[in-house]
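Beneath this line is the structure, given in structure tokens, with notes to follow.
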Amino acid sequence: MSPLLFTPLSIGPVEVPNRIAIAPMCQYSAHDGCAEDWHLQHWMNLAMSGAGLVTIEATAVERRARITHGCVGLYDDATERAMKRGLDAARAVALPGTKFAIQLSHAGRKSSSRRPWENGRALEAHEDAWQTVSASAIPFSDGWHTPEALDEAGIERILAAYAETAKRAERLGIEVIELHMTHGYLVHQFLSPISNTRTDKWGGSYENRARFGMEVAKAVKAAVGPHTAVGARITGSDWVEGGLTIDDAVRYASDLKALGLHFACVSSGGLDPKARINVGPGYQVPFASEVKRRSGIVTRAVGLIVTGKQAEEILQAGDADQIALGRAILDNPRWGWHAADELGLDFPRPPQYDRARPKVWPGAALAREA
Ligand SMILES: Cc1cc2nc3c(=O)[nH]c(=O)nc-3n(C[C@H](O)[C@H](O)[C@H](O)COP(=O)(O)O)c2cc1C
């Protein structure tokens with residue numbers, strides 16, 4: 001029997017050839033929103049990794065939605081042209097059936113900051129900082145910019161930006177759109193009672209706090225055609241007293257499903273620096289499992305999933321339909337090939353590299369032992 005990890009999956013209208021997805025990972029290497037050569041090689045590598053779905057990093061829907069000056073955007077013709085260059089190259093070398101996804105994002109109060117390797121703190125005025133926005137005028141933490149609470153016109157403008165970016169993504173031939181609704185970015189800032197203290201229709205009750213995310217989902221669904229899959233990355237827990245819990249995640253995923261979204265990837269944290277996260281192998285899988293069982297949406301698990309065997313066990317247990325990998329792919333961009341070896345599958349390599357296939361290369365066993 002073929003391992004579940006290497007069986008196809010339907011995500012709404014899109015079929016992916018296996019259950020391996022590459023998680024979105026910011027590279028902080030763009031120039032004014034435009035992808036660069038770094039992305040070209042990065043996406044080309046990911047396209048050959050054996051993952052059935054390659055997700056492009058958090059992509060800003062407007063210029064001020066970027067986290068840092070190095071973040072990728074898709075909000076004008078220049079950013080679209082730059083992404084097309086890298087994507088075209090990646091498609092040219094992609095393994096058969098590989099699909100591409102993009103994560104659409106607005107960083108809200110966490111924008112206007114430095115790259116992680118420049119200490120990740122808020123930009124100073126002389127560093128071309130910009131005014132941030134959020135649900136409420138509450139900074140992320142001490143030393144962060146105080147955001148402007150969005151008014152109706154501001155909210156409408158951002159919803160329109162999501163729709164416009166989704167259309168650009170579709171024009172680039174991207175098959176799957178993932179809405180970034182977690183890690184403390186703008187949609188999450190509206191949903192969590194910690195960052196949203198509004199008293200109008202965008203705050204207060206669950207329905208009101210969820211409204212912004214639901215409107216984003218509706219705007220994007222309305223902007224794209226029936227052949228594009230749309231889903232979201234959501235929060236399994238804020239890991240902090242008074243924050244979002246798994247019950248909120250189940251309800252949110254169910255509401256997104258009712259709007260026609262096709263999948264949920266269940267992550268956690270990022271909203272409040274006081275959060276204490278219990279990190280360990282597969283630490284967010286229990287959240288995915290609850291969301292999958294109780295909402296019925298196609299569900300992706302992510303977080304310290306590292307080996308093929310571990311991924312296969314999660315799928316076999318019925319805890320998720322798909323596995324997303326982040327750091328394991330940065331460490332080994334041929335992860336899919338190696339996972340197939342581990343699970344006893346003779347995974348087809350590109351013909352140029354076929355001579356290194358374990359079935360024909362005696363060195364493979366030695367290399368795996370090393
Ligand atoms: C370099 C890097 C960049 C990341 N950027 C994003 C991002 O753009 N969007 C997002 O939702 N998560 C982002 N994450 C989180 C990953 O998608 C993933 O959820 C996390 O790393 C846990 O999975 P892992 O243990 O397989 O790495 C990033 C993680 C890393 C390591």
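Values quoted throughout were computed directly from the atomic coordinates according to the rules given, and no laboratory measurement underlies them. Being a predicted model, the structure only gives us computed values, none of them experimental. Cβ coordinates were reconstructed from backbone atoms using ideal geometry, including for glycine residues, and neighbour counts include every protein chain displayed.
Suppose we flag trypsin sites (Lys or Arg not before Pro) only when DSSP calls them loop and at most 10 other Cβ atoms lie within 10 Å. Which is the longest uninterrupted stretch of the chain? Intermediate values should be presented prior to the final figure.
Working: sites that count: ARG276, LYS359.
Here the longest segment lacking exposed loop sites spans 1-275.
Given the Cα-Cα distance of ARG276 and SER254 and 0.36 nm per residue of separation, how much length would full extension add, in nm? Don't jump to the answer; show the numbers that get you there.
Working: separation 22, 0.36 × 22 = 7.92 nm, distance 2.67 nm.
That works out to 5.2 nm of additional length.
On C-alpha positions alone, give me the angle between the axis of helix 77-93 and the longest principal axis of the chain, in degrees, nearest 10.
Its long axis makes an angle of about 20 degrees.
Checking the cross-link filter: which lysines have an alpha carbon closer than 25 Å to that of LYS221, excluding same-chain neighbours under 8 positions apart?
Excluding near neighbours in sequence, the set is LYS84, LYS99, LYS167, LYS201, LYS257, LYS292.
Please find the FRET efficiency linking GLU313 to HIS31, where r is the Cβ-Cβ separation and R0 is fixed at 41 Å, and quote it to the nearest 0.05.
0.45
Using unit Cβ charges (K, R positive; D, E negative) and no other charged atoms, how large, in debye to the nearest 20, is the dipole of the chain about its Cα centre? Intermediate values should be presented prior to the final figure.
Details: 41 positive and 43 negative charges, 114 e Å.
Using only the charged Cβ atoms, the result is roughly 540 debye.
Over the chain, what is the percentage of antiparallel beta bridges among all DSSP beta bridges, to the nearest 5?
Numbers: 5 of 41 bridges.
Expressed as a percentage, antiparallel bridges in the chain total about 10.
Per 10 Å bin from zero, what fraction in whole % of the C-alpha pairs of region 321-363 is there, up to the bin with the longest pair?
Histogramming region 321-363 at 10 Å steps yields 25, 52, 22, 1 percent.
If each of VAL360 and THR7 carries a label point 7 Å out from its Cα toward its Cβ, how far apart are those two points in nm?
Each label point lies 7 Å from its Cα, and together they span 3.0 nm.
Cut-off is 10 Å between beta-carbons; in what order do ILE158, ILE194, ILE56 appear when sorted fewest neighbours first?
ILE194, ILE158, ILE56
Does anyone have the angle between helix 206-223 and the longest principal axis of the chain? Alpha-carbon axes, 0 to 90°, nearest 10?
For 206-223 against the chain, the angle is about 60 degrees.
With everything on Cα atoms, drop me the angle between helix 37-47 and the longest principal axis of the chain, reported from 0 to 90° to the nearest 10.
Compared with the principal axis, the helix lies near 60 degrees.
Calculated FRET efficiency, ALA222 and ALA153, Cβ-Cβ r, R0 22 Å, to nearest 0.05?
On the way: r = 20 Å, r/R0 = 0.89.
Efficiency computed from Cβ-Cβ geometry: 0.65.
Average the reciprocal distances over every distinct pair of alpha-carbons in region 100-237, invert the result, and give the Kirkwood radius in Å. Write down the numbers at each step before the final one.
Values: mean 1/r = 0.0640 Å⁻¹.
This gives a value of 15.6 Å.
If we restrict to alpha carbons, what Rg and Dmax does region 49-123 come to, in Å?
Gyration radius and largest Cα-Cα distance of region 49-123: 14.2, 43 Å.
Sketch the reach of a paramagnetic label on LEU304 as a point 7 Å from Cα along Cα-to-Cβ, and name the residues of region 239-254 whose backbone nitrogen lies under 16 Å away.
Once the point is set 7 Å along Cα→Cβ of LEU304, 239 turn out to lie under 16 Å by backbone N, inside region 239-254.
For a Förster distance of 45 Å, can you work out the FRET efficiency between the beta-carbons of ALA89 and ASN208, rounded to the nearest 0.05?
Here the calculated transfer efficiency is 0.55.
Would you compute, for the Cα atoms of the chain, the largest minus smallest coordinate along each principal axis and list the three values in descending order, in whole Å?
That gives 65, 42, 40 Å along the principal axes, largest extent first.
Quick one: work out the % antiparallel among DSSP beta bridges in region 1-152, nearest 5. Please list the in-between numbers first.
Details: 5 of 17 bridges.
Close to 30 percent.
Once fully extended, how much extra length lies between ARG368 and ARG294, figured as 0.36 nm per residue of separation less the alpha-carbon to alpha-carbon distance?
Gain on stretching ARG368 to ARG294: 22.7 nm.
At most 12 other Cβ atoms within 10 Å plus a DSSP loop assignment makes a site exposed; report the longest stretch of the chain without any exposed GluC sites (Glu not before Pro). Mind dumping the intermediate values first?
Values: sites that count: GLU124, GLU241.
The longest uninterrupted stretch comes out as 242-370.
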